[in-house]
1. For segment 51-66: of the residues being closer than 25 Å to Asp83 by Cα and over 20 Å from the mean Cα position of the chain (by Cα), which is surrounded by the fewest Cβ atoms within 10 Å (Cβ to Cβ)?
2. Thr82 - would you say it is hydroxyl-bearing (Ser, Thr, Tyr) and surrounded by fewer than 16 Cβ atoms within 10 Å (Cβ to Cβ)?
3. What's the number of the condition Phe109 fails, among (1) out of contact with any helix residue (DSSP H, G or I) (no Cβ under 7 Å at 6 or more places or on another chain); (2) hydrophobic (A, V, I, L, M, F, W, C); (3) not in a helix (DSSP H, G or I)?
4. Would you say Gln46 is out of contact with any helix residue (DSSP H, G or I) (no Cβ under 7 Å at 6 or more places or on another chain) and at pLDDT below 75?
5. Quick one: what pairs do we get from segment 110-131, first residue over 11 Å from Val69 (Cβ atoms), second of a type in the set (Asp, Glu) and assigned to a helix (DSSP H, G or I), C-beta under 6 Å, 6+ apart or different chains?
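The values are calculated or read from the model by the stated rules, or taken from the named source; none is laboratory data. Worth saying up front: this structure is predicted, and the values here are computed from it rather than measured. Please note: Cβ atoms are built from the backbone with ideal geometry, for glycine as well, and neighbour counts cover all protein chains shown.
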Amino acid sequence: MMIVKRLLSLFVASSILFTGSIQIAQAAMVSSEQVAQSAGLASAEQDRERIYAALTREDVRSELIKRGVDPLQVEQRVAALTDEEASKMANQIENAPAGGIIGAIVFIFVLLLVTDILGFTKVYPFTRSIR
């Protein structure tokens, strides 16, 4: 019986001893980009790249020119979008049905029109600023 108690106590002591060495924790700083990537969220740069890809299509450029919008100003305007606006616009372009790119063009047209009316830009000659 004494041998069983000694073997049991040796087993318990060794298991307690090895349990402490197995649990190792490491801490490090995690950037916001890493968290966003691990959560599956697209970064603002990726959103802007998707918008630029949609705007570089020939049919979109011709539609913008037909509506009197300079494609260079549109690219500057996309660069000036906040991260949230860029994300919304990229999702709208991505989730648009076939032929839905026209909706994105109308969105850009309305966005430029509103900024003209508010006096932030002067893209369209037919608008008057409220300032």
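1. Taking the candidates together, the pick is Arg57.
2. Spelling it out, Thr82 is indeed hydroxyl-bearing (Ser, Thr, Tyr) and surrounded by fewer than 16 Cβ atoms within 10 Å (Cβ to Cβ).
3. Every condition holds for Phe109 apart from (3).
4. For Gln46, the condition - out of contact with any helix residue (DSSP H, G or I) (no Cβ under 7 Å at 6 or more places or on another chain) and at pLDDT below 75 - is not met.
5. Cβ pairs passing all conditions: Thr127/Asp116.
Quick grid of which residues meet (1) under 25 Å from Glu45 (Cβ atoms); (2) in contact (Cβ under 8 Å) with a residue 60 or more places away in the chain; (3) in contact with a Leu (Cβ under 6 Å, 6 or more places away or on another chain):
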{"site": "Arg67", "(1), (2), (3)": "no, no, no"}
{"site": "Pro71", "(1), (2), (3)": "yes, no, yes"}
{"site": "Ala86", "(1), (2), (3)": "yes, no, no"}
{"site": "Ile93", "(1), (2), (3)": "yes, no, no"}
